[in-house]
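Structure record follows, encoded as structure tokens.
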Amino acid sequence: MADEPIMDGLRAQAERILRGNDVGEFTKPGPRQYPHQWNWDAALIALGLAHFDLPRALTEIRALLRGQWRDGMVPHILYHTGPSDYFPEPDFWQITTSPNAPALATSGLTQPPVLATVVRMIHARTPIHEFVRQVYPGLLRWHRWLHTARAIEGTALACIIHPWESGTDDSPRWLRAMDDIIPRELPPYRRRDTVHVPDAERPSDVDYERFVYLIDVFRQNRYEAARLLACSPFLVQDVMFNAILYRADQDLSALAHELGEPTDEIAAWLNSVRANFNARFWDDARGLYMDYNVRAHAPICVNTCATFAPLWAGLASEQQAARLVVEHFDNPLEYAPNTNTRYRLPSTAKNERDYAPRRYWCGPVWINMNWMIAEGLRRCGYDTRADLLVRDALALMQLSGLREYYDPRDGRGCGATDFGWSAALAIEMLSSKSIFGARF
Ligand code: DGY
């Protein structure tokens with residue numbers, strides 16, 4: 001059973017961090033490392049804020065949608081307060097070359113579309129009809145853009161064109177696809193992300209060369225969606241991004257239904273993704289979901305926590321869910337604790353060649369993944385495993401503070417301090433009834 005006074009302390013600390021990172025209309029994901037507004041961070045932060053300051057949560061979402069591009073894209077970074085010491089700085093993106101760019105300075109990429117799900121979750125707890133009515137058109141336009149401007153081969157599955165769009169920037173699942181990219185001339189740039197966080201916990205210089213090279217390709221093509229699909233050297237169908245989008249489509253459809261808006265278009269996306277998802281991503285021999293490298297016409301055979309995302313979306317059959325759980329989640333060589341690792345869930349399977357327990361998305365435990373996968377496990381009837389993920393997430397935050405990610409071996413904190421979505425999801429997990437039955 002949770003030790004409630006300690007949990008009260010964690011909750012108070014989480015609220016303090018969200019208040020401390022608050023810049024008025026948006027919340028910095030990390031006070032020093034991430035001084036702007038990020039897309040999926042903002043959505044998850046709003047979910048946490050809604051527990052103690054609903055109006056402020058809605059402000060966070062409105063601020064995010066203020067950066068929406070004319071074609072519907074909701075960008076991954078919004079520079080509401082102008083430049084800072086963060087790289088890329090706003091001008092680096094050169095978004096004004098695009099007729100679709102908004103008045104606000106933003107990046108030219110998107111990020112996992114978890115926002116519709118968050119809006120529905122908040123609304124289910126405290127009805128916010130008027131707000132839902134206001135934001136629904138923007139959400140619909142974003143999903144439409146993802147299912148059209150980013151779709152290929154006649155299906156509604158979405159492609160991503162940069163690892164930053166996956167939210168899991170340097171995950172080993174992108175290594176091969178990135179190795180195939182040979183940067184020609186690189187624009188001048190200076191990394192700033194290793195000023196506040198040790199090099200060994202961040203992506204490598206080689207990763208950054210590719211990240212920057214891709215941005216340069218996009219800006220040269222003025223962010224024209226059709227051209228980027230045709231020429232981006234990195235073109236991938238990400239299993240987690242598509243699972244998050246499918247779940248968000250379900251939530252968007254529920255909101256549309258309540259508003260009396262038509263749902264046919266959303267139903268068509270849902271049907272198309274459902275019809276194509278398992279054929280594209282499921283590897284029956286390994287019992288894992290794998291991303292697909294569109295440029296190489298091949299699956300990406302790297303085992304990371306993204307493989308569990310279809311549970312969150314309701315896209316895995318009973319048999320597929322059982323294989324994910326029994327063969328992988330419970331396997332001490334991959335994700336379960338063993339003599340070397342105490343905490344779930346490493347972001348990359350421990351027996352992957354490029355597993356690195358303190359480096360960004362190469363192995364550390366992330367609070368958002370524990371939360372999302374716990375929700376998915378619960379949805380599929382694996383409540384005990386879900387409790388293990390919630391228990392470990394809360395234990396890590398108690399042990400090492402509200403950090404960006406954690407070493408699965410000993411629970412030491414890594415990356416940014418006072419991290420926004422760790423704080424928000426601590427509040428979410430502590431507020432959700434299910435944890436009170438968990439074994440701590
Ligand atoms: C970073 O700066 O590491 C961000 O993840 C990019 O979006």
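None of the figures in this text is laboratory data; all of them are computed from the coordinates on show. For clarity, every value in this text was computed on a predicted model and none was experimentally measured. Here the Cβ is made from the backbone with ideal geometry for all residues, glycine too, and neighbour counts use every protein chain on show.
A few points about this structure:
- Integer Hz, Karplus 6.51/-1.76/1.60 couplings in order for region 44-60, x for Gly and Pro: 5, 5, 4, 4, x, 4, 4, 6, 9, 8, 4, x, 5, 4, 5, 4, 4
- Phi angles of region 299-309 translate, via the Karplus equation with coefficients 6.51, -1.76, 1.60 and θ = phi - 60°, into HN-Hα couplings of x, 9, 8, 10, 8, 10, 4, 4, 5, 8, 4 Hz per residue; Gly and Pro are given as x.
- Separation in nanometres of the label points that stand 7 Å from Cα toward Cβ, at residue 342 and residue 200: 1.9
- Multiplying each eigenvalue of the alpha-carbon gyration tensor of the chain by 5 and taking the square root yields semi-axes of 28, 25, 24 Å, largest first, rounded to whole angstroms.
- Region 230-344, dipole about Cα centre (Lys/Arg Cβ +1, Asp/Glu Cβ -1), debye to the nearest 20: 460
- Here the spin labels are modelled as points 7 Å beyond Cα on the Cα-Cβ line, and at residue 399 and residue 285 they lie 3.7 nm apart.
- Per-peptide average of other Cβ atoms within 10 Å, ordering 154-164, 88-98 highest first: 154-164, 88-98
- Convex hull projection area averaged over all views, region 287-357, Cα basis, nm²: 5.3
- Under-5 Å amide H pairs with residue 348, H placed in peptide plane, nonlocal only: 305, 363
- Spin-label model, residue 19/residue 250: points 7 Å from Cα along the beta carbon direction are separated by 3.7 nm.
- Computed about the Cα centre, the dipole magnitude for the chain is approximately 100 debye when only Lys and Arg (+1) and Asp and Glu (-1) carry charge, each at its Cβ.
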